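Peer 1: Let me give you the structure first, and then I'll get to my questions.
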Amino acid sequence: MKIGIIGAGDVGGTLGKIWRQRNHEVMFGVRNLQSQNVRRLAQMDKSLRFGDINEAVAFGNVILFAIPWTSVEETVRKSGNLSGKIVIDPTNPLTPDLKQLALEGTSVAERIADLAKGAKVVKAFNTIGSKTLNNLIFGSDRADLFICGDDTPSKKVVGELATDIGFDVVDVGSLANARMLENLALLWIELALRQQLGPNIAFKLLRRNAEF
């Protein structure tokens with residue numbers, strides 16, 4: 001799979017490195033090719049590619065917008081043609097104090113879908129910390145990745161990319177349910193930061209084969 005990653009911070013950089021290790025082709029699209037994040041990633045893996053945002057969008061069949069949510073709308077507008085692309089949104093619209101969502105009645109993923117006509121938007125990778133992505137095993141369990149979107153084949157592709165790096169995948173339905181996943185991220189932040197459980201935590205949906 002060819003993956004264009006917009007941004008080279010903790011989430012994008014970590015996912016990009018892991019996907020490259022799984023033999024996917026990865027290109028990072030960044031504003032500054034001389035940034036510290038770019039230099040660090042280039043030193044870690046010489047096979048990673050770097051370009052501007054439009055080059056990464058043109059390169060990838062799958063595009064991950066791993067940038068601050070406040071920059072997403074402007075970046076999507078300037079990203080070129082996203083029609084037909086699978087677009088992954090891992091962002092959360094948090095207020096500066098990390099206690100609330102800054103959007104009401106919608107989600108970042110839905111806004112991306114409105115802006116990027118023809119793109120197949122999937123919400124994913126927003127309910128876990130970047131430091132946990134390198135090790136998703138908790139005892140005998142794997143961390144769950146919750147995803148949603150309106151295009152079933154695109155969710156299947158994103159699910160396979162998630163499984164590649166060790167997740168169990170839970171499809172929570174249509175893209176409108178991204179609002180729920182952004183709220184779930186608030187719970188993760190509450191537990192990790194204010195309840196001081198730390199970043200090495202993850203959610204797991206437990207199931208029992210029984211009738212209601």
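Peer 1: Suppose we keep just the DSSP beta bridges with both residues in the chain; what percent of those would be antiparallel, to 5?
Peer 2: So the antiparallel bridges amount to about 20 percent of the total.
Peer 1: Hey, with R₀ at 30 Å, roughly what FRET efficiency would Ser35 and Lys99 work out to, going by the Cβ-Cβ distance, to 0.05?
Peer 2: For Ser35 and Lys99, the calculated efficiency is 0.50.
Peer 1: May I pose another question? Which value, in debye to the nearest 20, describes the size of the charge dipole of the chain about its Cα centre when Lys and Arg Cβ atoms bear +1, Asp and Glu Cβ atoms bear -1, and nothing else is charged?
Peer 2: 540
Peer 1: Per DSSP helix of 4 or more residues, -39500 (n - 2.57); summed, then divided by the residues of the chain. What does that give at 222 nm, rounded to the nearest 500?
Peer 2: So the helix-based figure for the chain works out to -9500 deg cm²/dmol.
Peer 1: Cβ under 12 Å from Val157's Cβ, Val157 left aside: what net charge do those residues give with Lys, Arg +1 and Asp, Glu -1?
Peer 2: So the surrounding residues net to +2.
Peer 1: Moving to a separate point now. Treat each spin label as a single point 7 Å out from the Cα along the C-beta direction, and report the Ser174 to Asn200 distance in nm.
Peer 2: 4.1
Peer 1: If you don't mind, there's one more thing I want to ask. Where the centroid of each part is defined by its Cα atoms, how far is the range 162-212 from the range 1-27 in Å?
Peer 2: 22
Peer 1: What helices does the chain hold that run 15 Å or longer along their axis, going by alpha-carbon atoms, with a Kyte-Doolittle average of -0.5 or more, using DSSP H for the helix calls?
Peer 2: 10-21, 152-164, 178-189
Peer 1: Using the charge dipole of the range 1-107 (Lys, Arg: +1 at Cβ; Asp, Glu: -1 at Cβ; taken about the Cα centre), state which of Asn61, Asn32, Met44 has its Cα farthest towards the positive end.
Peer 2: So the residue we want is Met44.
Peer 1: Beta carbons within 10 angstrom, averaged per residue: use that to sort the peptides 114-122, 73-81, highest first.
Peer 2: Highest to lowest by the protection proxy: 114-122, 73-81.
Bear in mind these aren't lab numbers, they're just calculated from the coordinates by the rules spelled out. Just so you know, these numbers come straight off a predicted model, no measurement behind them. Neighbour counts run over all protein chains shown; Cβ positions are idealised from the backbone, glycine included.
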